Amino acid sequence: MDTFALLADPTRRRILRSLAAGEHTVGELQVVADAAQPAVSKHLRVLRDHRLVTARVDGPCRRYRLTPGPLRELDDWLLPFRDVWAGRLDALSAHLDRTAAEQDR
């Protein structure tokens, strides 16, 4: 499974978004993911297998945290596309400003 397919799942995206704020247990992630514990554990296993999260034992539970490296690689890959969209959004903004100015006349 590639990173895009992995991130296509909305539950995994919710889990990653929550882990971006700090460590969480499976129980805490259940609330965020709005899913049962077995489903959250399965998603965490997939994320761990793809090096997007790590776990550490904290007494009787595991605490999961985000591993930013693979996401940084994805962000680096997306950078040229972000520049394309920024240019298009700038052009749209300029067009809207011109249209508003013409309507004010």
Worksheet item: What pairs can you find where one residue is in the range 12-33 and outside the structural domain of His50 (by TED's automatic domain parsing), the other is modelled with pLDDT of 95 or more and among the charged types (D, E, K, R), and their Cβ atoms are less than 7 Å apart, with a gap of 6+ or different chains?
Response: none
Practice prompt. Give the residue that is surrounded by the most Cβ atoms within 10 Å (Cβ to Cβ), with candidates limited to residues of the range 32-43 that are more than 17 Å from the chain's Cα centre (by Cα) and in a helix (DSSP H, G or I).
Written response: Ser41
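Report the residue count in the range 22-76 for those that are of a type in the set (S, T, N, Q) and within 15 Å of Thr11 (Cβ to Cβ). Don't jump to the end; show me each part of the working.
Residues of the range 22-76 of a type in the set (S, T, N, Q): 25, 30, 37, 41, 54, 67.
After this cut, where a residue has to be within 15 Å of Thr11 (Cβ to Cβ) as well, the list is 30, 37, 41.
Matching residues across the range 22-76 total 3.
Let me confirm something: among Glu28, Glu73, which residue is surrounded by 15 or more Cβ atoms within 10 Å (Cβ to Cβ), charged (D, E, K, R) and in a helix (DSSP H, G or I)? Write out each step before concluding.
Working: Glu73 fails: surrounded by 15 or more Cβ atoms within 10 Å (Cβ to Cβ).
Testing whether each residue is surrounded by 15 or more Cβ atoms within 10 Å (Cβ to Cβ), charged (D, E, K, R) and in a helix (DSSP H, G or I) leaves just Glu28.
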Worksheet, complete the sentence: All conditions in (1) modelled with pLDDT of 85 or more; (2) outside any strand (DSSP E or B); (3) over 16 Å from Asp2 (Cα atoms); (4) β-branched (Val, Ile, Thr) are true of Val46 except (3)
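Would you tally the residues in the range 27-51 being of a type in the set (Lys, Arg) and over 13 Å from Arg62 (Cα atoms)?
2
The values are calculated or read from the model by the stated rules, or taken from the named source; none is laboratory data. None of these values were measured; they are calculated from a predicted model. Don't worry about glycine lacking a Cβ; one is built from the backbone with ideal geometry, like all the others, and counts go over all protein chains shown.
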